[in-house]
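Each value in this text was obtained by applying a stated rule to the coordinates, not by laboratory testing. This one's a predicted model, so the numbers in the text were calculated from it and none came from an experiment. Ideal geometry is used to build each Cβ from the backbone, glycine not excepted, and the neighbour counts take in all protein chains shown.
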């Protein structure tokens, strides 16, 4: 995902350099309070380790292709997000200068796309949220998979925005995004699986090396309730505001159906289909993502949909959760 | 030769070249860094259809390669890494931008020109960064970074990574060779050993960092490496910067 210099304009490169420099400055400030001198050798050696480990290709079962380790997530899990981000910055600088992987002008973009999201979204927000109640094999796997995938998708999305803002390509935004995101979703899952395999091994061999793992949930890490609140806010923003940007074109399935039948919706004429359609008509609160008999209501439909999905998940969780066994008085 | 061996060889070649003697080697790292960044800013500021201007910007790499007697071939290998994604992004331009710029047979369209300009920019940008690093040892480059007030912690980490890259690459190469000899005919490393293989390397790395820390502490490490300025900022550096800034501005605005 390294961007080369040719893909950015000076203005975009400058803005992204400014953002990355602020993040580097903030990380240096956060680290100054810690025992920095003892951490520097570990950061250097871990940077070289990530660099070398990324040269190993791991075969993906059943596909014939291969993937490699997610460096920023791994560094954050072992060094913490601040030291991890600085180490990733150094790795990216060396990759760009000595191996032509990326470019000097695009370095700000690459630090942001590959370091910032991996270390602060994957390694801080997601990893610490999962580890706040202690590390288990399942939590490490889930955190690595989700962290790597989310940070890679955000990075890929940023690459799209930065390239388009630079005016380099004539590719329409929607096509570019559709090309980038599915590819990086798969890469993210593979990188997450490899990262999880390594972190599970570390947890079993030397659990004290993992960062952000707490036995006391109230003291360290972000609370699960905070993460839920952030995700809820993101869902509401996406549902409420971004729903206006939703394409009126048919989705992939509807497009395929339209090519075959000439219409995006297939009218069933059987008794069962008619009964089901009748039930849906009477029960659907917001048909076609809008109020009944109204063209408006897209925002409300987005927010209502998010809240409804959340409520259903919550009810399912409550219904299926394991009952806590009350301690018996001795 | 596989990717790890290629990386080791490329790294060693860069190190050897950077310590050589030539026209560009004798300049102060700060002046080379400034000219490189200025060159890149001017290069990337060209309009996507201004192929003539971008072509002229080739003056700098061509001049430096020939005057500095710098090997050309290793740079072309590095190009492949960069040109593939650039091509993937640029390949859409001829399809989406069909406005005819030059009515020939076949007609030259805006998309064709913008794609060619993009590729040229990619090639020149890699050449400029290569020229900087093939004539500047990493410790001199890090000393220049410290002069530019880059935080000591970041510069120290860059120097340590640079120092240990080759050690780890060789270790990874040995591990992979040992694995492939025991599991012949495999395309990559089986998922069953993903964790133990990299995990063991990781644990050894952390143990090694402890030894490195103790060694550095015994030698009086206080959070920053002492950088010795081997080349003072002489008049020739100011001349070099001034000449190329003027040349780039002339190409850009005339």
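Helix B:194-218 against the longest principal axis of chain B: what's the angle in degrees, Cα atoms only, rounded to the nearest 10?
80
What does the extension gain come out to for residue B:207 and residue B:77, with contour length at 0.36 nm per residue minus their alpha carbon separation?
Contour length minus the Cα-Cα distance gives 43.3 nm.
Using Cα-Cα distances under 8 Å and only pairs 6 or more residues apart, what relative contact order does chain B have, in percent?
In percent, rounded to a whole number, it is 32.
Calculate the FRET efficiency for residue B:226 and residue A:18 from the Cβ-Cβ distance with a Förster distance of 45 Å, rounded to the nearest 0.05.
0.90
Shielding of A:98-111 by partners, i.e. mean partner chain Cβ atoms within 10 Å per residue?
Per-residue shielding by partner chains comes out at 6.
With a/c under 1.5 counting as rounded, go ahead and sort the stretch B:92-234 into rounded, prolate or oblate using the C-alpha gyration tensor (a ≥ b ≥ c being the square roots of the eigenvalues; past the cut-off, prolate if a/b is larger than b/c, else oblate).
It comes out oblate by the Cα gyration axes.
Would you tell me the mean number of C-beta atoms belonging to other protein chains that fall within 10 Å of each C-beta in A:144-153, as a whole number?
Across A:144-153, the average partner-chain Cβ count within 10 Å equals 0.
Once both axes come from the Cα atoms, what is the angle between helix B:235-253 and the longest principal axis of chain B, in degrees from 0 to 90, rounded to 10?
Between helix and principal axis, roughly 50 degrees.
Taking a label point 7 Å from the Cα of residue B:236 along the Cα→Cβ vector, which residues of the stretch B:2-22 have an amide N closer than 18 Å to it?
Answer for the stretch B:2-22: B:18-22.
Let me make sure I get this right: for the stretch B:1-159, a, b and c are the square roots of the gyration tensor eigenvalues over alpha carbons, sorted descending. Under 1.5 in a/c it's rounded, otherwise prolate if a/b > b/c, else oblate. Which is it?
prolate
Listed highest first by mean packing, meaning other Cβ atoms within 10 Å per residue, what order do B:141-149, A:73-81, B:185-193 come in?
A:73-81, B:141-149, B:185-193
Stretch residue A:209-residue A:174 to full length: gain in nm at 0.36 nm per residue minus the Cα-Cα span?
Once the chain is fully extended between residue A:209 and residue A:174, it gains 8.4 nm.
Along Cα→Cβ, 7 Å out, is where each label goes; now give me the distance between the ones at residue B:252 and residue A:26 in nm to one decimal.
Here the modelled spin labels are 3.1 nm apart.
To the nearest 0.05, what FRET efficiency results for residue B:59 and residue B:108 with a Förster distance of 22 Å applied to their C-beta separation?
0.35
So how much slack lies between residue B:96 and residue B:219, counting 0.36 nm per residue of separation and subtracting their Cα-Cα distance, in nm?
Difference between extended and current length: 38.1 nm.
Other chains near A:203-210: what is the mean number of their Cβ atoms within 10 Å of each residue's Cβ?
For this peptide, the per-residue mean of nearby foreign Cβ atoms is 2.
Modelled label-to-label distance, residue B:243 and residue B:166, 7 Å Cα→beta-carbon offset: nm?
If labels sit at residue B:243 and residue B:166, their model points lie 3.3 nm apart.
Calculate how steeply helix B:152-182 sits against the longest principal axis of the alpha-carbon atoms of chain B, using the helix alpha-carbon long axis, and give the answer as 0 to 90 degrees to the nearest 10.
Helix B:152-182 sits roughly 70 degrees off the main axis of chain B.
Quote the FRET efficiency, to the nearest 0.05, computed for residue B:6 versus residue B:183 with a Förster distance R0 of 25 Å and r equal to the Cβ-Cβ distance.
In this case the efficiency is close to 0.65.
Which order do the peptides A:173-181, B:198-206 come out in when sorted by mean C-beta neighbours inside 10 angstrom, highest first?
By packing density, highest mean first, the sequence is B:198-206, A:173-181.
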